[in-house]
Amino acid sequence: MLQQRTLKSLTRAVGVGLHSGQRVELTLRPAPPDTGIVFRRVDLAQPADIPVRPDSVCDTRMATTISPGGDPGAPKVNTIEHLMSACAGLGLDNLYVDITAEEVPILDGSSAAFVYLLQSAGIELQKAPKKFLRVKKPVEVREGEGRHLKWARLEPHHGYKLAFEIDFDHPAVDMTGQRVEFDFASGQYKRDIARARTFGFTKDVEMMRSRGLGLGASMDNAIVVDDHRVLNADGLRYDDEFVKHKILDAIGDLYVAGHPLLASYTAYKSGHALNNQLLRALLAQPDAYEIATFADERQAPRGLAELAPAW
């Protein structure tokens, strides 16, 4: 049987929120089978549990934000996508995330630090079958027209692979790879995707800060780009780091489904909002998906049954 996974022990991190700039403590703890990933606001007088589900998403401006039942007036947790991406990359099914503020710490701007934290705690197999969300027919969402067109699509596939294309019309971004494909069958999430950092443009800083966003951003946790070039002294970690970060985000956004996908995901200029719309469109069609398990893990797609090697 292909089994569910949780942590062997708890692990902690301290950092600042990318958008809030607030100091935040994060504690990642093991959870029983079939719990899923549950964020807990432990800083509140009455701690609030927020299970991660597509209908928990209440805001997708610049990040993915969840609240109980998607209620915008309820306690929130912002910027969950990098941690969720790391959980997907390591195949973690069940996890409690205790958090002391309303935003997950940005750490280095990628998911690599979260992968390190999770692997340091150790990954434990549980006595319950791992459940996948298998896509049975194509589902697509689109937005805009002409040069403003964006779209994202899920199609049936025995495994999990993603393809993403960006188009920023910016000299520094145009010099790098604009399209990337990643297949979980490679087993190389940590090497090929996890280190890609979030990025921002100096021309957007004033607008973002006027809206209370980007208050914790710096060159320590983001790629910063002016009108012509990357300003970070150490340059890029990957030749195609911009588009790889969009795939990293998409992996995290899609893991909000509550189960790993068996699907092929393709997107053009998508983002947090469109990714969540795609999940909701899928789940709104009961004939478009099914829950799948593997009684014999040898029948599972390559790359989804193996535990990722420790650092």
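Of note:
- Around TYR268: net Lys/Arg minus Asp/Glu count, Cβ-Cβ under 12 Å: +3
- Förster-model FRET efficiency, 41 Å R0, GLU155 and ALA45, C-beta, rounded to 0.05: 0.30
- GLN3 long-range amide H proximity, modeled H, under 5 Å: LYS130
- One chain, two ends: GLU140 and VAL14. Fully extended at 0.36 nm per residue, the span grows by 41.5 nm beyond their Cα-Cα distance.
- Close amide H pairs (under 5 Å, H built 1.01 Å from N) link VAL230 with no residue at least 5 positions away or on another chain.
- Rough spin-label spacing in nm, given labels placed 7 Å along Cα→Cβ, for ILE291 and ASP226: 5.4
- 1.4 Å probe accessible area per residue over region 124-164, in Å²: 57
- Label point 7 Å beyond Cα of ALA74 along Cβ direction - residues of region 88-116 with amide nitrogen under 19 Å: 95-104
- J(HN,Hα) series, region 219-236, from Karplus relation 6.51 cos²θ - 1.76 cosθ + 1.60, nearest Hz, glycine and proline x: 6, 7, 9, 7, 7, 10, 10, 8, 5, 10, 8, 6, 8, 4, 4, 8, x, 9
- Rounded D (µm²/s) - the chain, Kirkwood Rh over Cα pairs, Stokes-Einstein at 20 °C, 1.002 mPa s: 110
- The helix-based estimate of mean residue ellipticity at 222 nm for the chain, built from -39,500 (n - 2.57) per DSSP H run of four or more residues and divided by its residue count, is -5500 deg cm²/dmol to the nearest 500.
- Gain upon complete extension [ARG302, ALA185; 0.36 nm per residue less C-alpha separation]: 41.6 nm
- Cα centroid separation, region 278-300 to region 209-258: 30 Å.
- Solvent-accessible area of the chain (1.4 angstrom probe, protein heavy atoms only): carbon and sulfur portion equals 49 percent.
- Under Karplus coefficients 6.51, -1.76 and 1.60, residue-wise ³J(HN,Hα) of region 267-281 in Hz, glycine/proline x: 8, 10, 6, 6, x, 4, 5, 5, 4, 5, 4, 5, 4, 5, 5
- When region 158-311 is reduced to its Cα atoms, the Kirkwood hydrodynamic radius in Å: 17.4
- Placed amide H near LEU262: partners under 5 Å, 5+ positions off or other chain: LEU133, ARG134, VAL135
- Low-density loop positions, trypsin sites (Lys or Arg not before Pro), region 1-65 - DSSP coil, at most 16 other Cβ in 10 Å: LYS8, ARG61
- The residues of region 185-280 expose on average 40 square angstrom of accessible surface per residue, using a 1.4 Å probe on protein heavy atoms.
- Applying a threshold of 21 Å to the alpha-carbon distances of LYS190/LYS246; LYS244/LYS269; LYS136/LYS190; LYS137/LYS161; LYS161/LYS269; LYS150/LYS246 flags LYS136/LYS190 as lying beyond it.
- Along region 132-142 the Karplus relation, 6.51 cos²θ - 1.76 cosθ + 1.60 evaluated at θ = phi - 60°, assigns HN-Hα couplings of 10, 9, 8, 7, 9, 8, x, 9, 9, 10, 9 Hz to successive residues, with x for each Gly and Pro.
- Cross-link partners of LYS127 among aspartates and glutamates (Cα-Cα below 15 Å; sequence separation of 8 or more within a chain): ASP34, ASP93, ASP296, GLU297
The values are calculated or read from the model by the stated rules, or taken from the named source; none is laboratory data. Fair warning: this is a prediction, and the values are worked out from it, not measured in the lab. Ideal geometry is used to build each Cβ from the backbone, glycine not excepted, and the neighbour counts take in all protein chains shown. Areas reflect the complete protein model, heavy atoms only, side chains present, ligands, DNA and RNA absent. Shrake-Rupley method; radii C 1.70, N 1.55, O 1.52, S 1.80 Å.
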